[in-house]
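Below is one structure, written out as structure tokens; comments come after it.
Read-outs throughout are calculated quantities, based only on the coordinates presented, and are distinct from any laboratory measurement. Here the structure is a predicted model, which means the values were calculated and not measured. When we count neighbours, we look across all protein chains shown, and the Cβ atoms used for this are built from the backbone with ideal geometry, even at glycine.
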Amino acid sequence: MWTTVLVSGITLGSFYTLVALGFALIFGVTHTFNLAHGELLVLAGYVAYWLWKTYGVSLLFTFPAAILATLVVCLILQRLFSRLREPMEMNSIVLSFGLAILLQNGMLFFFSGDYRLIRVPTFNQGLHFNTLYLSYGQLTLLALSLLVIGLLYFLMRHTFLGKALRATIQDREAASLAGINVGGMGVLAFAIGAILIGLAGPLYGCVHYLYPTAGLQATLLAITITIFAGVGRIRTLILGGWILGFAESGAVVLLGASWRELVGAVMLITLLALRPQGIFEREQ
Amino acid sequence: MRKKETASQKAIQQQVAWAAPVLGLVLLLLLPVFARYNDYVLQVFTHALLLATLALAWNILGVSGSISLGHAAFFGAGAYTSALLSLDLGVSPWATIPLGGVLAAGIAAIMGLFCLRLRGAYFALATLAFVEIPKVITDNWDGLTRGSLGLVGLPGLPSLRLGSYHFDMSGSLVGSYYFVLGYGLVLLVLVTLLFRSNLGLALQAIREEEVAAEAIGIQVQKYRLLSLLLSAFFTGITGACYGHLIRYLEPGLVYGLHFSAIPMIFAICGGRFTILGPALAALVLYPVDQFIFHPLLPAGHEFLYGAVIILAILFMPSGVWGQLRKGHFVSIKTGSIE
Amino acid sequence: MLCCKRFPIIACLLLLAFWCYSTFAVAATIKIGEINPLTGRLAKQGSEIHQGVAVAVAEVNDRGGLNGRQVELISRDDQSQPDVAISRAEELCGWKKVVALTGGYNDSLVGPISEVAKKYEVPYVASASLQKQLTQRENPYFFRVANLHGFVQPLCGILSESLRPQRLALLHTATPGSTEFARDLRSCLQSRGIAVMLMEKFRPGTPDFTPLIAKLASMNMDVIVSSGFFADHLLLVRQLKENRVSPKAYIGPFGIAYESFVREMGENAEYLYSTFAWNPGISNPGTEVASKDFVERFRSMFHREPNTTNMHGYTSTRAVLAAMQNVLHQKKPLTGPNIRQSLAELDLVLPMERVAFDKHGDPHHYQHLVVQIQKGKFEVVYPPERSTASAIYPMPRWSQRK
């Protein structure tokens, strides 16, 4: 049983990391919290669902449309964020919370409250490894998550843009002095974040169910993983995702399914209580 | 010339500031007479008043500059405490409603232990996560709270006897309406007194410049804890009233995100740093939502709340009422309020 | 300018005309009220109840009404919120002066409405309400055509009489009806010597059941009973298949016996057990004609097949109408106490059940049928006297299916 729990924890955890990446990047570069993160994810899922359902577009080709949708909303959000006054972090929470309500109600209007799922027939089959069974759904999720995380890691480590982004995350003033356009980096972070959300959304629609209020949980776990990792460390993000996935699965097995929601919440509060001065202070 | 203009503007603002609330109060007092023929109007305003008290209570903490996304924890705790005491022990709701507030304050003390060291955005995120704790406990402690079964058949508010005069609070919508209106007015007076007390001044000083406030000897942590406790106490009372008004409770209902989000939205739209703003926003926005947007857009009418809060934070961070009363903010130097 | 001056006069005339119309033109009709969650989280089920109610009212009006008086249905939406339900009930009872109330889905909404009905002495026959607490409170004006007993009895029956599982898991969601169902079923099973090995609660809309499934697999469960709803079954069954966990039977009393579920689930719906009180083609013996009439009228009104939820709305409304008819036959005035008395004495055979209420207002004869999905159809497998096919137990393992 524990191998199943471990595998489920790692698969889920990798997907959690993919979900959290966009949030962490936007937060790291622009110091704004995007509470509409989960809603954007669900929106991308709905776009894919709509294409798949009405036009029979296969899953692979729904990704560009989903990315386009999140890109538009994210860039609008970025424009709005740039008009905010101080304190930025707090006002961004309020603004994106409003956007979350707006998106939730918009999706309720267009897609109704029914549960939707993008059905991929092959996801039901799978491979046996001794006693362990892995469905293609889980495998796809794991592979795609790790692939995207790996690509982002490469981008951040080995390209000029990535280095500029990392410099901005580590110290905005210094980056600015070094001639990096910090505002431009903010737009870039939102764009990459949108692409990441656009990739995760349709996957979310294949594995979990889409409904308008499904986003909050995704937002909460993105926040938890981001706070766990601090910013700018992709490896720690994966670790955070795995720990969260494993802790949730473990809680279900040990305590019962009704205690699951508590795990993420307690983890987040503990992390915050241990680091009361916020994330950036420690690095200065 | 310019001086004169600003002077007359100020005079107009002063008049608006007095006339609008007085007119509003008269209208609210007379509403049951107008709305006699339509119970729906009365119910919407009863609920709007209840939400106004929620926003007022939220703002006791909000005035110190903190934003809480977890007031549903206090709302639900208050509702459950009062409901269980009156249902299982048969205690009169007059006694159990304040006890609901006390337990809510107790939970706030625990929350304060973990969250009060946090500032700004991090405090907001911690409160958002904190709601899960009382919610999951209430949901799973079957022996005490009946868990997911919910509570059915709560006693309503008992009737009030003053000599020969008999005032039925729960039996009629008018009774419930005046009860909530009365509670709202009491809370308004208390909040006004509070904001003008040393505590209120200290909180506003903390909001303006925390380091400076600490430097001049304000015990920042003590005052923030005090405001959190008071805010939770009144939120708990509002939750308890809600329970006795609708006579039905379920963990998902009273601990839902709805009751965390709504007071924040009203407070920010109305004006976080004013006394009346949050309550006015509740009394305007909720009826607008119910009478105009819900019939137009049955699925998705609450987009209104999302839209107003985005507009408010972008263009009117001090809220509509705050904008009208501009120049009447607390000034630390003179110590005068509004 | 002219139009502005005349505007008040025109407005007054219009108001007067409206008042005359509303007082005199409709005075001859009998008004009954209906409150359902037409928007909000329960919108789907509430709308289905509403359709059933509308069919019953259309039917009686086509037959010439009650003693020649047409029945006017006043529908209200409670937005799936208890406080709105109260105000709607106050409006219907206090202002619109309806003589009886019907409709209602979910205890959180039916409970508050029943309190208002009691206050105004307006009889209320709820369409879908389960919890025991609701009828245990002295409320002579509250009746309902459904209750939890009707779900628990047949399931307890089939489990203890024919399936007799060694290892039974009972899953339920953190909602009142589902929780009480799970407790009642467990105590019934225990009284008949069947142990419940695992009882687990989960939140509705849980995104992932894998850890729970790992736990079920490790305990090697024979039978899984899950009192979750539509979406919970969709996900749980799919993940059972993905993880190659094959119980001998999967029973979901709520949310499976709908055409939409079979459509959404496809071949994975095969062999699942559920319950319903009625379905097109399967009705209370002796009511086949009435059942067919209902189906035809429903189709012509809403252009789709009715389901068991629609039937609950229809049944509760028929009970109200029959009680009012009896009062009128006895030449008594249509007052709340008279209709209540008539409801208490009612004995009416309808497609879903024989409607008769006990002294608490609970139905005497509400009984679900246990069905299994076989070749995409719902086949009744319990009770034996009404079964249309024999149960396929254990169901084939996932790996043995094509």
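Going by a ≥ b ≥ c, the root eigenvalues of the Cα gyration tensor, does segment C:335-402 fall in the rounded group (a/c under 1.5), the prolate group (a/b larger than b/c) or the oblate group? Prolate, because a/c is 1.5 or more and a/b exceeds b/c.
Here the dipole of chain A is about 360 debye; that uses its Cα centre as origin and unit charges on the Cβ of Lys and Arg (positive) and Asp and Glu (negative). The modelled label-to-label distance for the pair A:Glu173/A:Phe129, using points 7 Å beyond Cα in the direction of Cβ, is 4.9 nm. Kirkwood's formula applied to the C-alpha pairs of segment C:179-280 gives a hydrodynamic radius of 14.4 angstrom. Calculated translational diffusion coefficient of chain A (25 °C, 0.890 mPa s; Stokes-Einstein with Kirkwood radius over alpha-carbon pairs) equals 127 µm²/s.
In sequence order, segment B:175-188 has phi-based couplings of x, 4, 4, 5, 4, 5, 4, x, 4, x, 5, 4, 5, 4 Hz under the Karplus curve 6.51 cos²θ - 1.76 cosθ + 1.60, θ = phi - 60°, and Gly or Pro positions carry x. Taking segment C:342-386 and a reference point 7 angstrom along Cα→Cβ of C:Gln325, the backbone N atoms nearer than 19 Å belong to C:342-357.
Using the rule -39500 (n - 2.57) for each DSSP H run of four or more residues, divided by the residues of chain C, the 222 nm mean residue ellipticity is -13000 deg cm²/dmol.
Compactness check for segment B:207-324: Cα Rg over 2.2 N^0.38 Å is 1.27.
So what's the convex hull volume per residue for the Cα atoms of segment B:15-324, in Å³?
Dividing the Cα hull volume of segment B:15-324 by its residue count gives 149 Å³.
Across segment A:2-283, C-alpha contacts under 8 Å between residues 6 or more apart give a mean separation that, scaled by the residue count, equals a relative contact order of 38 percent. In terms of surrounding Cβ atoms within a 10 Å radius of their Cβ, B:Leu61, A:Leu60, B:Leu85, A:Leu146 rank from fewest to most as A:Leu60, A:Leu146, B:Leu85, B:Leu61. How many percent of the alpha carbon pairs in segment A:42-105 exceed a separation of 13 Å? Result for the distance tail: 67 percent.
Mind checking the dipole of the protein assembly as shown: about its Cα centre, +1 per Lys or Arg Cβ, -1 per Asp or Glu Cβ, Debye to the nearest 20?
Using Cβ point charges on Lys, Arg, Asp and Glu, the protein assembly as shown gives about 1180 debye.
Simple rule: put +1 on each Lys or Arg Cβ and -1 on each Asp or Glu Cβ in chain B, find the dipole, and look at B:Leu230, B:Val26, B:Pro155; the Cα lying farthest toward the positive end is B:Val26. Rounded to 0.05, the FRET efficiency of the B:Leu30 and B:Arg196 pair, given R0 = 30 Å and the Cβ-Cβ distance, is 0.55. Measuring r between the beta carbons of A:Asn181 and A:Leu75 and using R0 = 25 Å, the FRET efficiency lands at 0.95. Between C:Thr135, C:Thr102, C:Thr287, the GNM of chain C built on Cα springs shorter than 10 angstrom shows C:Thr287 fluctuating the most.
In the neighborhood of B:Leu61, defined by Cβ-to-Cβ distances under 12 Å, what is the net charge if each Lys or Arg adds +1 and each Asp or Glu adds -1?
Around B:Leu61, the surrounding residues sum to +3.
Sorting A:His158, C:His172 by the number of Cβ atoms found within 10 Å of their own Cβ, with the fewest placed first, yields A:His158, C:His172. Bridges between two residues of the protein assembly as shown, per DSSP, are antiparallel at a rate of about 45%.
Taking label positions 7 Å along the Cα-Cβ direction at both A:Arg157 and C:Arg192, the computed distance is 6.2 nm, reported to one decimal. Only alpha carbons enter this Debye calculation for the protein assembly as shown, each as an equal point scatterer, and the log10 of I(q)/I(0) it gives at q = 0.07 Å⁻¹ is -0.65. On the basis of the beta-carbon distance and an R0 of 30 Å, B:Val288 and A:Asp114 show a calculated FRET efficiency of 0.60.
Helical content of chain B, expressed as a calculated mean residue ellipticity at 222 nm, amounts to -23000 deg cm²/dmol (DSSP H runs of 4 or more residues, -39,500 (n - 2.57) each, divided by residue number, nearest 500). The sum of -39500 (n - 2.57) across all DSSP H runs of n ≥ 4, divided by the residue count of chain A, sets its helix-only mean residue ellipticity at 222 nm to -25500 deg cm²/dmol.
Residue-normalised convex hull volume from the C-alpha trace of chain C: 168 Å³ per residue.
For A:Arg116, A:Arg83, C:Arg41, the sequence from fewest to most other C-beta atoms within 10 Å is A:Arg83, C:Arg41, A:Arg116.
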